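J.: First the structure, then my questions, so here it is.
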Amino acid sequence: MNNNFCGWYFKCQTDAHTVAVIPAMHVSGGVRSGSIQIITDEGYWSATLPGPQVKMRSDRPCATLGDSVFYEDGIFLNLHTDTLSATGKLRFDALSPHQKFLTQTPA
């Protein structure tokens, strides 16, 4: 069976607030889909996207999920569902060594 997961964890924080945005690609039974999870101090939200809307590299943070784009130097978030509306742009300076990792788990 062809099962796989690849995701990137973007954690952004100040002294007062933290937000994590996690774009991911899932392959289960050969069927690809994607998800974007948003975690803040106030709650957790997740949106699922169909496979044709998901493009993700496994060697470095580089992904397009629907209208949202994720790169090492920033995030452009444009996500709208029945329960979530999240838009914005973040630009990053150099990533810390802890941020440079790949989560990939073949099943």
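J.: If you average 1/r over every pair of different alpha-carbon atoms in the chain and take one over that average, what Kirkwood value in Å do you get?
T.: About 14.3 Å, per the Kirkwood formula over Cα pairs.
J.: Same structure again: Rounded to whole Hz and in sequence order, give me ³J(HN,Hα) for the stretch 66-77 from the Karplus expression 6.51 cos²θ - 1.76 cosθ + 1.60, θ = phi - 60°, writing x for Gly and Pro.
T.: Result, ordered by residue: x, 9, 9, 10, 10, 9, 4, 9, x, 10, 10, 9 Hz.
J.: Could you state the accessible area per residue of the chain in Å², with a 1.4 Å probe and every protein chain left in place?
T.: Roughly 63 Å² per residue, with all protein chains present.
J.: For the stretch 4-49, restrict the atom set to alpha-carbon positions and state the Rg and Dmax in Å.
T.: 12.6, 43
J.: Let me ask something else. Using modelled backbone amide H atoms (1.01 Å from N, in-plane), which distant-in-sequence or interchain residues come within less than 5 Å of Cys62's amide H?
T.: For Cys62, whose amide H was placed from the backbone, the distant partners under 5 Å are Arg57.
J.: At 1.4 Å probe size, with the rest of the protein present, what percent of the exposed accessible area of the chain is carbon and sulfur atoms?
T.: 52 percent
The values are calculated or read from the model by the stated rules, or taken from the named source; none is laboratory data. Source: prediction; values computed, not measured. When the accessible area is computed, the model is the full protein with side chains, heavy atoms only, and any ligands, DNA or RNA have been set aside. Shrake-Rupley method; radii C 1.70, N 1.55, O 1.52, S 1.80 Å.
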